[in-house]
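Computed from the coordinates by the stated procedures, all read-outs in this text should not be read as laboratory data. These figures come from a predicted structure and were not determined experimentally. In this analysis, Cβ positions are derived from the backbone assuming ideal geometry, glycine residues included, and neighbour counts consider all displayed protein chains.
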Amino acid sequence: MKITKDQVEHVAHLARLSLTEEEKVQMTKDMEMILEFADQINEYTFEDVNATAHVIPINNVFREDEVSPSMDRDVLLKNAPSKENGCYTVPKVVE
């Protein structure tokens, strides 16, 4: 697909980019290459490939959830400068 300089300028304007003339020429080439690659991918059919198929086997890497005791609330609040109802309190900063 052929990309024009005007199209590059339009996209740059939408993205609020100011490009030099050299950058516009380079962007035109880069965008053409990207669209050509997308056209190459569109030539393939993936009807026989399952949507969740992977090249390598994937295993769950997450650990099992295990309940463990947490720290005592009184110990955590021991050094708090200000506390109320078992929670930290902070000064009000918004009126």
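Scanning for something part of a loop (DSSP other than H, G, I, E, B) and either in contact (Cβ under 8 Å) with a residue 24 or more places away in the chain or of a type in the set (Gly, Ala, Ser) (or both), does the stretch 34-49 turn up at least one residue? Scanning the stretch 34-49, I find no residue that is part of a loop (DSSP other than H, G, I, E, B) and either in contact (Cβ under 8 Å) with a residue 24 or more places away in the chain or of a type in the set (Gly, Ala, Ser) (or both), so the answer is no.
The residue pairs whose first member lies in the stretch 65-90 and is free of Cβ contacts under 8 Å to residues at least 24 places away in the same chain, whose second member is part of a helix (DSSP H, G or I), and whose beta carbons are closer than 6 Å, counting only pairs six or more residues apart or on different chains, are LYS83/LEU77; GLY86/ARG73. Considering the stretch 1-33, and only residues there that are in contact (Cβ under 8 Å) with a residue 24 or more places away in the chain and outside any helix (DSSP H, G or I), the residue that is surrounded by the fewest Cβ atoms within 10 Å (Cβ to Cβ) turns out to be LYS2.
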